[in-house]
1. For the pair LYS98/SER27, report the inter-label distance in nm, with labels modelled 7 Å from Cα in the Cβ direction.
2. In Å², what does the accessible area per residue of the chain work out to with a 1.4 Å probe?
3. Using the Cα centre of the chain as origin and beta-carbon charges of +1 (Lys, Arg) and -1 (Asp, Glu), tell me which of PHE29, VAL11, THR56 is placed farthest towards the positive end of the dipole.
4. Going toward the positive end of the dipole of the chain, with +1 on Lys and Arg Cβ and -1 on Asp and Glu Cβ, which of THR71, GLY100, TYR40 do you reach last?
5. Net charge around LYS23, counting only other residues with Cβ within less than 14 Å of its Cβ (Lys, Arg = +1; Asp, Glu = -1)?
6. Apply the Karplus parameterisation 6.51 cos²θ - 1.76 cosθ + 1.60, with θ equal to phi minus 60°, to every residue of the stretch 98-109 and state each ³J(HN,Hα) to the nearest whole Hz, in sequence, with x for glycine and proline.
7. In debye, nearest 20, what is the charge dipole magnitude of the chain about its Cα centre with +1 on Lys and Arg Cβ and -1 on Asp and Glu Cβ, if you could check?
8. Return the sequence-ordered ³J(HN,Hα) values of the stretch 42-53 in whole Hz as given by the Karplus equation 6.51 cos²θ - 1.76 cosθ + 1.60 applied to θ = phi - 60°, using x for Gly and Pro.
Amino acid sequence: QVQLTESGGGVVQAGGSLRLSCKPSESTFSFTSIGWYRNYIGGPLVARIDSDGSTTYATSVKGRFTMSRDTADNTMYLQMNNLKPEDTAVYYCNVQLKPGDALGQYGLDHWGQGIQVTVSS
């Protein structure tokens, strides 16, 4: 099992910035995708990085949010700039392990605990 610990949320005024972090309990693993979702586990996609390195963003956050990954330990980040009140949500990070990964014996789908982002107008 891969435990994902999120941090970096909080309250910010519209136009401000926050940086979310998602630190896995394991330094390395093979993944099909890693990403950020909001509202609930399995909720709408915010950003995703696939195993080929490609990145996908929700239309509503393009140009404002940037997802990245530390290739050394797989820590994920979501840099959120020019935040809007509509971005207010609980954000969840996600890891989809590749089939065959040793950690996948406990399941391939892993989620962070969720972290609140509140944007005031």
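1. 1.9 nm
2. Values: 5990 Å² over 121 residues.
It amounts to 49 Å² per residue over the chain.
3. Positive-most Cα among the choices belongs to VAL11.
4. Sorting the options by dipole projection puts first TYR40.
5. On the way: positive: ARG19, ARG69; negative: GLU6, GLU26, ASP70, ASP73.
Surrounding charge for LYS23 is -2.
6. So the Karplus estimates, Gly and Pro as x, are 6, x, x, 4, 4, 6, x, 4, 9, x, 9, 10 Hz.
7. Values: 9 positive and 10 negative charges, 72 e Å.
Roughly 340 debye for the chain.
8. x, x, x, 5, 9, 7, 8, 10, 8, 5, 7, x
The values are calculated or read from the model by the stated rules, or taken from the named source; none is laboratory data. Model, not experiment: these values are computed from the prediction. Using ideal geometry, Cβ is built from the backbone for each residue, glycine included, and neighbour counts are taken over all protein chains shown. Side chains included, ligands, DNA and RNA excluded: accessible areas come from the protein's heavy atoms. Shrake-Rupley method; radii C 1.70, N 1.55, O 1.52, S 1.80 Å.
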